[in-house]
Amino acid sequence: MIEAKNLILKLEKNNINFFCGVPDSILKNFTNYLENYKKKKHLICANEGGAVGLAIGNYLSSKKITCVYMQNSGLGNSVNPLVSVAHKKIYSIPMLLLIGWRGAPKLNDEAQHKKQGLITKEMLKLMDIKFLELRNKIDLKKIPHLIDYGVKNKTPVAIIVKKNVITGRNIQKKIKKVNVDRSVFINELLKLSDNKCKIVSSTGYISRDLFRLSNNNFLKRKNFYMIGGMGHAQMVAYGVANFSKNKIICLDGDGSIIMHLGSSPIFAGYNKNNLKYILLNNESHESVGGQFCISKSINFKKLSRSLGFKRYFLLKRDKNINNILNKFLKSKLNSFLEVKINSDNLESLPRIRDVLKVKDNFMSIKK
Ligand SMILES: Cc1ncc(C[n+]2csc(CCOP(=O)(O)OP(=O)(O)O)c2C)c(N)n1
């Protein structure tokens, strides 16, 4: 096991003085340690491609390499700037990727991580990115050599790391219970929307909680859980609504809407009234450790208006759920509901495993 602090000190000793990326549960201790760093040294980005872009820009003006951290599911988001800008055959820009390796072979992980876990090394090889797997303290000694290789050859290099390798102090974040509880809200949503209403939910705890609360009447409720493809729930919901008469609700998270915010004006431009958008805003990336999210500084009322939504509803307190949710569900105009929710770290939520059954149920294919 490797102490997060020692890993960070090692990187800093090797001339890395800027960290950026998208949070990941495997790297939770690493990003927890960076949390007190100022913006000039650490920035949480909207998506992994953006983080690679930042690393490229940093290098262009400082000649120093940046550490870009991500979960391997974010590798896809970063492929484009890696292979069409940073690659040796184009601008040849060094950087160090630190990748949380979910779904590594022989490890039992969730459905969405299985394929990505198997192809992570292959993807790096295809992109000509030299990498090492960090397993223990001894591997720390290999890092200077890897960074050296990246700097000398002016190319991205990578470290991949499995679960439970990077340790750290268990920081218990103070949880303010002033807003709405996610579970209470989802329960009300399931009660107030009829069974024909279909919900497309985003990655992480939101889908797992919806799954848990819908499970009693699994065959009656038709939900599509976006266990992977973070940030794409909006476009999936749009596609479903496009060819359906049913009411479709996109149940999204703040980290997720921000990851691919460009989809939002497209979503808002949908011109039938069977599609609705709900943002569960806890101002954090709760499912992977509660890291900061830039949503904290966004005024979603103003944003939703300029994205093209005709109505904005805000829900902040449990006692108003029924009233506001009813108005929102009945609204004929394309509407955006922002629900300010508490963070709760409910790691014990069930995992969604039988994904083909979920799809068949959603598409009403009976077997
Ligand atoms: C492309 C990609 N990058 C990173 C992750 C890891 N990840 C899973 S859930 C999550 C946080 C989602 O945040 P938000 O939408 O605000 O929902 P919350 O967890 O707060 O409920 C992250 C970063 C991922 N699944 N996919």
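Any read-out appearing in this document is the output of simple, stated calculations on the displayed coordinates, not a laboratory observation. Remember, it's a predicted structure, so these values are computed and weren't measured experimentally. Virtual Cβ from ideal backbone geometry, glycine too; neighbours counted across all protein chains shown.
Which links in LYS40/LYS89; LYS38/LYS163; LYS41/LYS316 stretch past 32 Å when you go from one Cα to the other?
Checking Cα-Cα distances, LYS41/LYS316 exceed 32 Å.
As a check on your grasp of the helix formula, calculate [θ] at 222 nm for the chain: sum -39500 (n - 2.57) over DSSP H runs of n ≥ 4, divide by the residue count, round to the nearest 500. Don't skip to the answer; put the middle values down first.
Working: 15 runs with 139 residues, N = 367.
That calculation yields -11000 deg cm²/dmol at 222 nm.
Report the chymotrypsin sites (Phe, Trp or Tyr not before Pro) located in the stretch 26-128 that are in a DSSP loop and have at most 15 other Cβ atoms inside 10 Å of their Cβ, or state none.
Taking the stretch 26-128 and a limit of 15 other Cβ atoms within 10 Å, the loop chymotrypsin sites (Phe, Trp or Tyr not before Pro) found are TYR37, TYR91.
For VAL85 and SER244, FRET efficiency with R0 = 41 Å and r from the beta-carbon atoms, rounded to 0.05? Walk me through the numbers on the way to the answer.
On the way: r = 40 Å, r/R0 = 0.96.
Computed FRET efficiency for SER244 and VAL85: 0.55.
Calculate how many DSSP beta bridges within the chain are antiparallel, expressed in % of all such bridges and rounded to the nearest 5.
Values: 2 of 51 bridges.
Here the share of antiparallel DSSP bridges comes out near 5 percent.
State log₁₀ I(q)/I(0) for the stretch 274-367 at q = 0.17, 0.26 Å⁻¹ as given by the Debye formula over alpha-carbon point scatterers of equal weight, solvent excluded.
Values, matching the q order: -0.96, -1.18.
Where in the stretch 1-52 are there trypsin sites (Lys or Arg not before Pro) that are in a DSSP coil and have at most 10 other Cβ atoms within 10 angstrom of their Cβ? All intermediate terms of the calculation are to be shown ahead of the outcome.
Working: sites: LYS5, LYS10, LYS13, LYS28, LYS38, LYS39, LYS40, LYS41; in loops: LYS38, LYS39, LYS40, LYS41.
Taking the stretch 1-52 and a limit of 10 other Cβ atoms within 10 Å, the loop trypsin sites (Lys or Arg not before Pro) found are LYS38, LYS39, LYS40.
Taking the Cβ-Cβ separation of ASN273 and ILE294 as r and a Förster radius of 35 Å, what is the calculated FRET efficiency to the nearest 0.05? Walk me through the numbers before you get to the answer.
Working: r = 31 Å, r/R0 = 0.88.
Computed FRET efficiency for ASN273 and ILE294 comes out at 0.70.
Quote to one decimal, in nm, the extra length available between LYS330 and GLU12 on full extension: 0.36 nm per residue of separation minus the C-alpha distance between them. Don't jump to the answer; show the numbers that get you there.
Details: separation 318, 0.36 × 318 = 114.48 nm, distance 5.49 nm.
109.0 nm is the gain from fully extending LYS330 to GLU12.
Rounded to whole Å, give me the distance from the Cα center of the stretch 8-67 to that of the stretch 191-217.
The stretch 8-67 and the stretch 191-217 have Cα centres spaced 35 Å from each other.
Using the Karplus equation 6.51 cos²θ - 1.76 cosθ + 1.60 (θ = phi - 60°), what ³J(HN,Hα) coupling, rounded to whole Hz, does each residue of the stretch 145-153 give in order, writing x for Gly and Pro?
Values per residue, Gly and Pro as x: 5, 5, 5, 4, 4, x, 5, 5, 8 Hz.
With the contact rule set at Cα under 8 Å and sequence spacing of 6 or more, what percent relative contact order holds for the chain?
Numbers: 692 pairs, mean separation 59.4, N = 367.
Relative CO of the chain lands at 16 percent.
What span do the alpha-carbon atoms of the stretch 2-167 cover on each of the three principal axes, reported in whole Å from largest to smallest?
Ordered largest first, the stretch 2-167 gives principal extents of 43, 32, 30 Å.
Could you please state, rounded to a whole Å, how far the C-alpha centre of the stretch 218-278 is from the C-alpha centre of the stretch 79-110?
One Cα centre to the other: 28 Å.
May I ask you to compute the full-extension gain from ASN164 to LYS5, defined as 0.36 nm times their residue separation minus their alpha-carbon distance, rounded to one decimal in nm? Can you show the working numbers first?
On the way: separation 159, 0.36 × 159 = 57.24 nm, distance 1.48 nm.
Answer, rounded to one decimal: 55.8 nm.
So who's got an amide H within less than 5 Å of the one on SER92, skipping anything under 5 residues away but keeping other chains? H placed 1.01 Å off N, in plane.
Those lying under 5 Å, H to H, from SER92 are HIS87.
Any chance you could run the full-extension gain for LYS141 through ASN108? It's 0.36 nm times the residue separation minus the Cα-Cα distance, nm to one decimal.
Details: separation 33, 0.36 × 33 = 11.88 nm, distance 2.90 nm.
Additional length available on full extension: 9.0 nm.
Where in the stretch 64-157 are there trypsin sites (Lys or Arg not before Pro) that are in a DSSP coil and have at most 15 other Cβ atoms within 10 angstrom of their Cβ?
Details: sites: LYS64, LYS88, LYS89, ARG102, LYS106, LYS114, LYS115, LYS121, LYS125, LYS130, ARG135, LYS137, LYS141, LYS142, LYS152, LYS154; in loops: LYS64, LYS88, LYS89, ARG102, LYS106, ARG135, LYS141, LYS142, LYS154.
Passing sites in the stretch 64-157 are LYS64, LYS88, LYS89, LYS106, ARG135, LYS141, LYS142, LYS154.
If r is the Cβ-Cβ distance from LYS357 to ARG305 and R0 is 56 Å, what FRET efficiency results, to the nearest 0.05? Write down the numbers at each step before the final one.
Working: r = 40 Å, r/R0 = 0.71.
Calculated value: 0.90.
Output ³J(HN,Hα) for the stretch 322-328: one whole-Hz value per residue in order, computed from phi by the Karplus curve 6.51 cos²θ - 1.76 cosθ + 1.60 with θ = phi - 60°, and x for Gly and Pro.
Computed from phi, the couplings for the stretch 322-328 are 4, 4, 6, 5, 4, 4, 4 Hz.
Taking the chain on its own, what percent of its Cα-Cα pair distances exceed 25 Å? Numbers along the way, then the final one.
Values: 37193 of 67161 pairs.
Beyond 25 Å sits 55 percent of the P(r) for the chain.
How big, in percent, is the set of alpha carbon pairs in the stretch 182-362 lying more than 25 Å apart? Could you put the intermediate results ahead of the total?
On the way: 4136 of 16290 pairs.
Summing the P(r) tail past 25 Å for the stretch 182-362 gives 25 percent.
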